[in-house]
Amino acid sequence: MDIAFIRVDIGGTGIKGGLGDKNQGKNSSVTVPTPHPATPEAVAAAVSLVIECISVHPQAPAASAPVGVTFPGIIRHGVVHSAANMEQSWLNTDINQLLSARLCRPVQAVNGADPAGNAEISYRAGMCIDGSVLAITLGTGIVSALFLNGQLVPNSEFGHLEVDGVAAEKRASAVARERDGLSWKEYSDVLQRCLSHLEFFVLARTRYHRWRHSQHANDYLPNLKLGTAVLPATLRNDAGIVGAALQATIAH
């Protein structure tokens, strides 16, 4: 495998990094817990630790190689504009500048859901689907990636849509299911309500889901009754870091 890039997926629960190339973007990975509070400085230090662990791999790229980073929030021109599951001190932070200075290498950061969705579109579930496709990640929150005829519409953030007066991710994320002790049937009912509401706004031809513990997809996906096809994301929990490798390709 032609290793070219390091990729890092920053989440509200964990920070995962690994080696990747622009063809498959997947190899051995390292995960550390997301620090709490998840301030820019603390997260940058954790990302640096992940990079240090990856750099000892015999196939690691040169120390000057670019890093693709995904972040759980809206990012425009490298600046963070939302951080629902991170410290609010991230707002208006230039994440590219912060991490590039800390890591001493070029960094390209984007909304966490967008590269994950891009990875599925490029490699797996979303290939050859015309019209609109919506990728949803159910993790610490709910993040989304919307595509129209294969082209990304960035920073969709549909997890913040209100359902019955509450943000969808507060009721239907993987963390919310664990917090509320919901059975899979109970969780399916909650998710059905949220996705039906979302479907009213975005009539996608196909939607596919990543869940923090992807092996449980069959416990809830078959219970959903929507007007669009529902597919599990075939890259599973690796979609974020595969997508980050693609982003590093762009940065390079």
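The values are calculated or read from the model by the stated rules, or taken from the named source; none is laboratory data. In this text, all values refer to a predicted model and were calculated from it rather than measured experimentally. Cβ placement follows ideal geometry from the backbone for every residue including glycine, while neighbour counts extend to all protein chains displayed. Surface accessibility is based on the protein's heavy atoms, side chains included, excluding ligands, DNA and RNA. Shrake-Rupley method; radii C 1.70, N 1.55, O 1.52, S 1.80 Å.
Worth a mention:
- For the stretch 167-189, residues that are open to solvent by less than 40 Å² (accessible area, probe 1.4 Å) and acidic (Asp, Glu) total 1.
Each row is one residue, and each column tells you yes or no for (1) at pLDDT below 90; (2) more than 18 Å from Ala83 (Cβ to Cβ).
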position	(1), (2)
Gly11	yes, no
Asp21	yes, yes
Gly25	yes, yes
Ser29	yes, yes
Pro35	no, no
Ala46	no, no
Cys53	no, yes
Pro58	yes, yes
Ser64	yes, yes
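- Being at pLDDT below 85 and touching a strand residue (DSSP E or B) at 6+ places or on another chain (Cβ under 6 Å) holds for only one residue in Gly150, Gly131, Gly112, and it is Gly112.
- Scan of the stretch 67-88 for residues that are farther than 21 Å from Lys170 by Cα, in contact (Cβ under 8 Å) with a residue 24 or more places away in the chain and open to solvent by 30 Å² or more (accessible area, probe 1.4 Å), ordered by number: Arg76
- Qualifying residue in the stretch 141-149 (condition: hydrophobic (A, V, I, L, M, F, W, C), in a loop (DSSP other than H, G, I, E, B) and at negative phi): no
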